[in-house]
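What follows is one structure encoded as structure tokens, with my remarks underneath.
The values are calculated or read from the model by the stated rules, or taken from the named source; none is laboratory data. Since we're looking at a predicted model, the values are computed, not measured. All Cβ positions, glycine included, derive from the backbone under ideal geometry; neighbour counts span all protein chains shown. Ligands, DNA and RNA are excluded from the accessible area calculation, which covers all protein heavy atoms including side chains. Shrake-Rupley method; radii C 1.70, N 1.55, O 1.52, S 1.80 Å.
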Amino acid sequence: MQQINTNLVIRNPFGTMDVPGPDDSDVMSYAAAATLSGDAADVNAAHWADISSRADPLEGIWASRWNGGADPTIAGDTPETWKRGRADVRVAGNRIYLRFDWDDGRRHGLIDAAREGADRLVGKYINLTNPAITRPWVGLVVDAARIDGCFPEGRLDFRR
């Protein structure tokens, strides 16, 4: 009888399931076409979070919100409705990990993204509550209190 090797290596600092293929061809194709202006007209420009900034430009607690899809586990949800929650952002070398929740903490997601230059993030999202759902994601670090983000169906933004 052979013993199964269970020495799993987890990339993300949260100890949860990793995002599969955060740099795959779907991500790169989406990133080539996605644009985020970071200007005052962007939907994430208005201050909507009540979390104070920390000295570190990215790591720490953030507020999160997403739209562009209806969560079938939330009664009456629509694609246009913002699903809000909290997020924890961690930096590991050239990678940024954004773990967030919504629906009062009942649902969870994780983004694994690489830095491209000083302010662009390119990666993938996995729904940790339903791991069959993954999407390419592109983010723009506007400043220490704002990360604008998009995926093919909508927005996934962070503020503090």
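Tally up the residues in the range 100-149 that are open to solvent by less than 10 Å² (accessible area, probe 1.4 Å) and farther than 22 Å from Gly15 by Cβ, please. Spell out the reasoning first.
Of the residues in the range 100-149, the ones open to solvent by less than 10 Å² (accessible area, probe 1.4 Å) are 100, 102, 109-113, 121-123, 126, 137-139, 147-149.
The next check asks that each one be farther than 22 Å from Gly15 by Cβ; those that pass are 122, 138-139, 147-149.
Residues meeting the conditions: 6.
Which number in (1) open to solvent by 50 Å² or more (accessible area, probe 1.4 Å); (2) part of a strand (DSSP E or B) marks the one condition that Asp50 misses? The number of the failed condition is (2). Residues of the range 72-91 that are open to solvent by 30 Å² or more (accessible area, probe 1.4 Å), closer than 17 Å to Trp62 by Cβ and out of contact with any Pro (no Cβ under 6 Å at 6 or more places or on another chain): Trp82, Arg84, Arg86, Asp88, Val91.
Of the residues making up the range 96-142, those that are among the acidic types (Asp, Glu) and over 16 Å from Lys83 (Cα atoms) are Asp112, Glu116, Asp119. Could you list, in sequence order, all residues of the range 64-118 that are among the hydrophobic types (A, V, I, L, M, F, W, C), touching an Asp or Glu at 6+ places or on another chain (Cβ under 7 Å) and more than 18 Å from Val19 (Cβ to Cβ)? Ala70, Ile74, listed by residue number. The set of residues in the range 117-128 being more than 21 Å from Gly60 (Cβ to Cβ) and modelled with pLDDT under 95 consists of Gly117 alone. Screening Ala145 on (1) aliphatic (A, V, I, L, M); (2) modelled with pLDDT of 95 or more; (3) touching a His at 6+ places or on another chain (Cβ under 9 Å) shows it passes everything except condition (2).
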